[in-house]
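The values are calculated or read from the model by the stated rules, or taken from the named source; none is laboratory data. Computed from a predicted structure; not experimentally measured. Using ideal geometry, Cβ is built from the backbone for each residue, glycine included, and neighbour counts are taken over all protein chains shown. We work out accessible area using only protein heavy atoms, side chains counted, and drop any ligands, DNA or RNA first. Shrake-Rupley method; radii C 1.70, N 1.55, O 1.52, S 1.80 Å.
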Amino acid sequence: AKIQLQAGNLVAANAQLQWVLDNCDVEVVRDTARLRLARVLVAQERLDDAVALLEQPRSTTAFDSLYTEVSGDIHSARDNAVAAGEAYQRALAATPATSQANPGYQLLQLKYEAALAASNVTNEVSQ
């Protein structure tokens, strides 16, 4: 699926990740595939499908911050900066301190700041 994503082939990546969900018995692998498939669905603008996927039960809470980040991405794609910012803030809070030097954490921080700025602009325009 990663190779398909790098090639820009979202349909093939979707199919491969769905196959993992349908056929793999290892729950943590299914949780990882579910997360990656949700990101693909967001990229395909299939936001309702991504939400439904994120709402499925997971075997571990280890991915909670990542799932919450994708939820923020969905809100952002729906132009709901306030909800996106809240989700990103929850994801930041749920990220272990040992991961905070990770580039993914820094990207999450940028997403949060962008959502916060967008929600402030929206509030200023509506006043």
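What you get for the chain, charging only the Cβ of Lys and Arg (+1) and of Asp and Glu (-1), is a dipole of about 280 debye around the Cα centre.
How high is the relative contact order of the chain? Use alpha-carbon pairs under 8 Å, at least six apart in sequence, and give a whole percent. Can you show the working numbers first?
Details: 126 pairs, mean separation 20.6, N = 127.
Dividing the mean separation by the residue count of the chain yields 16 percent.
What 222 nm value per residue comes from the helices of the chain, counting each DSSP H run with n ≥ 4 as -39,500 (n - 2.57) and dividing by all residues, nearest 500 deg cm²/dmol?
Working: 7 runs with 96 residues, N = 127.
When only DSSP H runs of four or more count, the value is -24500 deg cm²/dmol.
Carbon-plus-sulfur accessible fraction, the chain (probe radius 1.4 Å, protein heavy atoms only): 53%. Between 0 and 90 degrees, the angle of helix 64-77 with respect to the longest Cα principal axis of the chain falls at about 60 degrees. Per residue, the chain exposes 60 Å² of accessible surface when a 1.4 Å probe is rolled over the protein heavy atoms with every protein chain present. Once both axes come from the Cα atoms, what is the angle between helix 81-94 and the longest principal axis of the chain, in degrees from 0 to 90, rounded to 10? That works out to roughly 60 degrees.
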